[in-house]
2 protein chains.
Amino acid sequence: MTRSATALHAEILESAARLFAAHGFRGTSLQDIASDAGCSKASLLYHFTNKDAILTELLTPAGREMAELEERLAGLDGKDAARAAVAGLVDLSLHFRRQVKILVQDVDSLINRPELPDVYALTERLVDALTGRSPTPQARVWAWMAMVGIFLTSAAEHALPDSALRAELTRGALRTLGRGTD
Amino acid sequence: MTRSATALHAEILESAARLFAAHGFRGTSLQDIASDAGCSKASLLYHFTNKDAILTELLTPAGREMAELEERLAGLDGKDAARAAVAGLVDLSLHFRRQVKILVQDVDSLINRPELPDVYALTERLVDALTGRSPTPQARVWAWMAMVGIFLTSAAEHALPDSALRAELTRGALRTLGRGTD
DNA sequence: GTCAGAACTGTCCGATCGGTCAGATAGGGT
DNA sequence: ACCCTATCTGACCGATCGGACAGTTCTGAC
């Protein structure tokens, strides 16, 4: 069982997030995390039941926000839905950069995790919200492009300034969608 | 040393490409590949010096095309460069879908491989080609978005028809770039 | 039929993985 | 002083990893 939240507990999570994002879940060993956090491997497994529990605790907040975004979209349509989808995705991507990178690296093995909503189902909902009631094939492709672009551009730490990123991603996405937003 | 190209040799590459793309390089064992290709693990290591050599042979053609694209862009500017960049990236992404996915999964560990050009350097060249001589920050973000969008939308096998993808990706990218192409 | 070399495999090896466990250490309440 | 509990660790375990190697089977040239 995962124990109480101590200083080391938080440091382990921080180290794991950085290492998972950099080298992937499978590419990061418990010893790697322990060394980075400055404790023993056995101490990791005192604070977390197992390696998987670390990943779960990392992904849970992001998963919750993804689920909330999905619910929010269910009550909207037209331009409201499109705007909410873009804004929500930009927020989520910028707020959970490392989780996004972890998610992208290991989508197929993470897709059935209870702490994450079905990523592909959420994708479909977002595409629906972005393309409106006239889902032409090209509009769907553009929506995919814009979404993936937001997702990964925010996760890429290279060559991108952070400050104006939010506004520019939103603007770029809306431009991609063009009249696809009705 | 890697031996001659036989039927099994090709089957191993095919299996490895599929499995690497699905579960990542580290997430795929030699036994996994051998089972999928219908031979023994030892037979893999007869046809390839080691696990890494399989990955190298998978990535080399993609790396060559990436290098060629980079060279091609060096001799162009303005709208020619932008068009060539988008067309080249779409071609490359659609032709090497699984390699793109492998690349995205493990960018940071693949970045120093001799068979691949520096991915981030190529990215910079592409952004330059797309944004032209007036590289405003927002234009660079949009270019990033469009490039990543092309890259990953083509690699995602889910929910996307293949036929019209090429044209739509190109159109979507140009739309994102807008007047960024001069 | 014979033989050489290519193709292939069973078996073993050291390293490393995630995980267990008994015990050391430290601090607070009594 | 005492003990209880939370925290932490070294040593160890079975499984699995990538890889080595000797030996077997296949195949075409002669």
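What is the percent carbon and sulfur in the accessible area of the protein assembly as shown, measuring with a 1.4 Å probe over the protein chains and ignoring ligands?
Numbers: 8700 of 16240 Å².
Using a 1.4 Å probe with all protein chains present, the protein assembly as shown comes out at 54 percent carbon and sulfur.
Which value, in Å², gives the accessible area per residue of the range B:16-129 when a 1.4 Å probe is used on the protein heavy atoms?
43
Ignoring ligands, DNA and RNA, how much accessible area is buried between chains B and A, both sides summed, with a 1.4 Å probe, to the nearest 100 Å²? The partial results should precede the final answer.
Details: alone 9720 and 9740 Å², together 16240 Å².
That pair of chains buries around 3200 Å² in total.
From the phi of every residue in the range A:46-59, what ³J(HN,Hα) in whole Hz does the Karplus formula 6.51 cos²θ - 1.76 cosθ + 1.60 yield, where θ is phi - 60° and glycine or proline is x?
These are the phi-based 3J(HN,Hα) values: 7, 7, 10, 4, 7, 4, 4, 5, 5, 4, 4, 5, 6, 8 Hz.
In whole angstrom, note down how far apart the Cα centers of the range A:47-79 and the range B:1-54 are.
36
With no solvent and one point on each alpha carbon, what is the Debye value of log10 I(q)/I(0) for chain A at q = 0.09, 0.18 Å⁻¹?
Treating every Cα as an identical point scatterer, log10 I(q)/I(0) equals -0.36, -1.12.
Ratio to report: Rg/Rh of the range B:46-134, with Cα atoms as the point set and Rh obtained by the Kirkwood method; give two decimals. Walk me through the numbers on the way to the answer.
Working: Rg = 14.2 Å, Rh = 13.8 Å.
Rg/Rh: 1.03.
Starting from a label point 7 Å past Cα on the Cβ side, list the distances from residue A:111 to the same position in the other copies, nm, shortest first.
Copy-to-copy label distances at residue A:111, shortest first: 2.9 nm.
Hey, for residue A:35 with labels 7 Å out along Cα-Cβ, what do the inter-copy distances come to in nm, ordered shortest first?
Spelled out, the distances from residue A:35's label point are 3.1 nm.
In peptide B:147-155, what is the residue-averaged number of other protein chain Cβ atoms found within 10 Å of each Cβ? Can you show the working numbers first?
Numbers: counts 3, 10, 15, 3, 4, 8, 9, 3, 1.
Per-residue shielding by partner chains comes out at 6.
Would you kindly compute the Cα radius of gyration of the range B:7-49 and its largest Cα-Cα separation (Dmax), both in Å?
9.2, 25
Pull up all non-local amide H partners of residue B:29: gap of 5 or more, or a different chain, and H-to-H distance under 5 Å with H placed in the peptide plane.
Counting only residues 5 or more places away or on other chains, the set is empty.
Among residues other than residue A:121 whose Cβ falls under 12 Å from its Cβ, what is the net charge (Lys/Arg +1, Asp/Glu -1)? List each step's numbers first, then the result.
Numbers: positive: A:125; negative: A:70, A:118, A:124, A:128.
Summing Lys/Arg as +1 and Asp/Glu as -1 gives -3.
Of the lysine pairs in the protein assembly as shown, how many meet both conditions: Cα atoms under 21 Å apart, and a spacing of 8 or more in sequence or different chains?
Lysine pair count for the protein assembly as shown: 5.
How far, in nm to one decimal, is residue B:124 from itself in the other copies if the label point is set 7 angstrom along Cα toward Cβ? Shortest first, please.
4.3
Would you mind telling me which residue in A:48, A:20, A:151 has the biggest mean-square fluctuation in a Gaussian network model of chain A, where springs connect alpha carbons within a distance under 10 angstrom?
Looking only at A:48, A:20, A:151, the largest GNM fluctuation is found for A:48.
For every other residue with a beta carbon closer than 9 angstrom to the beta carbon of residue B:23, add +1 if it is Lys or Arg and -1 if Asp or Glu, then tell me the sum.
Local charge sum for residue B:23: -1.
Would you tell me the mean number of C-beta atoms belonging to other protein chains that fall within 10 Å of each C-beta in A:132-144, as a whole number? The partial results should precede the final answer.
On the way: counts 0, 0, 0, 0, 1, 6, 7, 2, 4, 12, 9, 2, 12.
That works out to 4 on average.
Per residue of A:18-26, count partner chain C-beta atoms within 10 Å of its C-beta, then hand back the mean as an integer.
Values: counts 0, 0, 0, 1, 3, 4, 8, 3, 6.
Going residue by residue through A:18-26 and averaging, the value is 3.
Could you work out the mean projected area of the convex hull around the alpha carbons of the protein assembly as shown, in square nanometres to one decimal? If you can, show how the numbers build up before the last one.
Details: hull surface 78.6 nm².
For the Cα atoms of the protein assembly as shown, the hull's average projected area reads 19.7 nm².
The values are calculated or read from the model by the stated rules, or taken from the named source; none is laboratory data. Here the structure is a predicted model, which is why all the values come from computation and not from measurement. Heads up, the Cβs are rebuilt from the backbone with ideal geometry, glycines too, and the neighbour counts pull from every protein chain shown. We work out accessible area using only protein heavy atoms, side chains counted, and drop any ligands, DNA or RNA first. Shrake-Rupley method; radii C 1.70, N 1.55, O 1.52, S 1.80 Å.
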